[in-house]
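Reviewing the structure listed below.
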Amino acid sequence: MKEQPPAGLKKQKINFFRPNWVEIDKSDFLFNLKKIKESLKKDTKVLAVIKSNAYGHGGIELAKEAAKAGIYGIAVSSIEEGISFRKAGIKAKILVFGSGYPLEYLSVATFWDLIPTISSLQGLHELSHLAKKYRKKLEFHLKVDTGMGRVGVIASDNAKIILDKIAANDDIEMSGIYTHFAVADTNPAYTQLQLDKFNEVIKYAKSLGLKFTAHAANTAAIFSSKKTHLDMVRPGIGLYGLSPFEHSQQKFKLKPVLSWKTKIIYLKKVPSGFCVSYGRTFVTNKASVIATVPVGYADGYARILSNKADVLVRGKRCPVAGRITMDMMMIDVTDVKGVSIGDEVVLIGTQGKETIKAEELAKLQSTINYEVTCSISPRVPRIIV
């Protein structure tokens, strides 16, 4: 006979037992999407970038919300991610970023009705071969490199050669063509140079009679220059209420979607001169109260934040005390009145009048907010609220 959980747990309806979780605010996500749409021309489409588990926010649930909100489609970073969305019942168009290598896996993408990115003559040949094999016109987007230097056919005679091949092939359909800006957040001149190159490619493609959706603008470009919007835009970080701009104010006020929370699981009073955690890097200079929380670097709370970051307890900032360990870390709660085991601790988000943003943790790590949220481990449950 299968053992039953304790009666108290039945009532709580929880599916995790370690108090360490991420809350995703669905209404704030939809608010951000609406704000982005309001900044566009009437007929400009939106391709919601839900790649890499929605930048750490929880891909499947937010993909479902984006699809219901009326968008052109969803962009993912891998075939595996696209398959997981299809298995979850998401029927929207799904574009897979990247080169598609190894090319034989294009057959997997087409089987799951995913739109592959093509960025080479070899990829085009493989897709055409599959179209003949399946006797079905296969859809794709062409990636053009205008100055990012990552993936894409170079925006020169190389692009014209592949476009000539596409125009002469009735087995495949180039439903989209796109490029990616390298410095839309910092360098308008270089972004304009990329846009000019891309517009030349678009002009040539149209001269061949090809019909497609052209897209280039990421979040930074959307808010920096309407000229980049073209037929469609690709908001990513902005959907999650985070800014791509490091030093300037974002034009549209967005709402952070993610909060990361835990609870105090252990509490002790210690004397002055007491050492905390590995390496003895934190030593109390007075009688103190040290709390332990079940969050560590295996959860994505970076070890480099040891003795640097703050968390929130009862609306008050408390410093991380000592080195962050794999599964736990300690915080100094000496100045928190009435602190007790079970108190909620906010790692990212708002509590009372205080807020800790992903940007704050990013600055302490000399990185960007993208990496902070993407680094939150899959073992930390995402709860939609």
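The values are calculated or read from the model by the stated rules, or taken from the named source; none is laboratory data. Fair warning: this is a prediction, and the values are worked out from it, not measured in the lab. So basically every Cβ, Gly included, is an ideal-geometry build from the backbone, and we count neighbours across all protein chains shown.
Which residues, taken from region 127-149, are touching a strand residue (DSSP E or B) at 6+ places or on another chain (Cβ under 9 Å), not in a strand (DSSP E or B) and not aliphatic (A, V, I, L, M)?
S128, K137, T146
Regarding E173, is this residue in contact with an Asp or Glu (Cβ under 8 Å, 6 or more places away or on another chain) and surrounded by 14 or more Cβ atoms within 10 Å (Cβ to Cβ)?
On the way: in contact with an Asp or Glu (Cβ under 8 Å, 6 or more places away or on another chain): yes; surrounded by 14 or more Cβ atoms within 10 Å (Cβ to Cβ): yes.
Yes.
Condition first: of a type outside the set (A, V, I, L, M, F, W, C) and under 22 Å from the mean Cα position of the chain (by Cα). Now tell me which residues in region 146-173 satisfy that.
G149, R150, G152, listed by residue number.
Check region 95-106 and report whether any residue there is closer than 26 Å to K68 by Cα and among the acidic types (D, E).
No: region 95-106 contains no residue that is closer than 26 Å to K68 by Cα and among the acidic types (D, E).
Of everything in region 149-174, what is among the β-branched types (V, I, T) and free of Cβ contacts under 8 Å to residues at least 12 places away in the same chain? Give them in sequence order. Break it down into steps so the answer makes sense when it comes.
Initially, region 149-174 is screened for residues among the β-branched types (V, I, T), giving 151, 153-154, 161-162, 166, 172.
The one that is among the β-branched types (V, I, T) and free of Cβ contacts under 8 Å to residues at least 12 places away in the same chain: I154.
Return the residues of region 298-312 that are crowded, with 20+ Cβ neighbours inside 10 Å and over 14 Å from W260 (Cβ atoms); say none if nothing qualifies.
Correct list: S306 only.
I'd like to check something: does region 189-198 contain any residue that is closer than 14 Å to A216 by Cα, surrounded by fewer than 22 Cβ atoms within 10 Å (Cβ to Cβ) and either outside the structural domain of S224 (by TED's automatic domain parsing) or among the polar types (S, T, N, Q) (or both)?
Checked against the condition, which is being closer than 14 Å to A216 by Cα, surrounded by fewer than 22 Cβ atoms within 10 Å (Cβ to Cβ) and either outside the structural domain of S224 (by TED's automatic domain parsing) or among the polar types (S, T, N, Q) (or both), region 189-198 yields at least one hit.
Could you list, in sequence order, all residues of region 358-384 that are outside any helix (DSSP H, G or I), in contact with a helix residue (DSSP H, G or I) (Cβ under 8 Å, 6 or more places away or on another chain) and under 17 Å from G59 (Cβ atoms)?
I376, S377, P378, R379, V380, R382, I384
State all residues of region 111-128 that are over 25 Å from I154 (Cβ atoms) and surrounded by fewer than 21 Cβ atoms within 10 Å (Cβ to Cβ); if no residue qualifies, say none.
Within region 111-128, F111, W112, D113 meet the criteria.
When you check G176 against the structure, is it within 31 Å of the chain's Cα centre (by Cα) and either outside the structural domain of R234 (by TED's automatic domain parsing) or in a loop (DSSP other than H, G, I, E, B) (or both), yes or no?
No.
Does at least one position in region 203-218 carry a residue that is in a helix (DSSP H, G or I) and of a type in the set (V, I, T)?
Checked region 203-218: no residue is in a helix (DSSP H, G or I) and of a type in the set (V, I, T).
Quick check on R379: is it in the same structural domain as I265 (by TED's automatic domain parsing), in contact (Cβ under 8 Å) with a residue 40 or more places away in the chain and over 29 Å from I237 (Cβ atoms)? First the steps, then the outcome.
Details: in the same structural domain as I265 (by TED's automatic domain parsing): yes; in contact (Cβ under 8 Å) with a residue 40 or more places away in the chain: yes; over 29 Å from I237 (Cβ atoms): no.
No.
Can you tell me how many residues in region 347-370 are surrounded by fewer than 22 Cβ atoms within 10 Å (Cβ to Cβ) and either out of contact with any Lys or Arg (no Cβ under 8 Å at 6 or more places or on another chain) or aliphatic (A, V, I, L, M) (or both)?
Result for region 347-370: 15.
Restricting to region 317-355, and then to whatever is among the basic types (K, R), part of a loop (DSSP other than H, G, I, E, B) and free of Cβ contacts under 8 Å to residues at least 40 places away in the same chain, can you tell me which residue is farthest from L267 (Cα to Cα)? If you could, list the steps in order and put the result at the bottom.
Pass one, region 317-355, residues among the basic types (K, R): 317, 323, 337, 353.
Pick out the ones that are also part of a loop (DSSP other than H, G, I, E, B) and you get 323, 337, 353.
Pick out the ones that are also free of Cβ contacts under 8 Å to residues at least 40 places away in the same chain and you get 337, 353.
Details: K337: 13, K353: 24 Å.
The residue in question is K353.
Given the criteria in the same structural domain as V46 (by TED's automatic domain parsing), β-branched (V, I, T) and at pLDDT below 95, does T186 qualify?
So T186 fits the description; yes.
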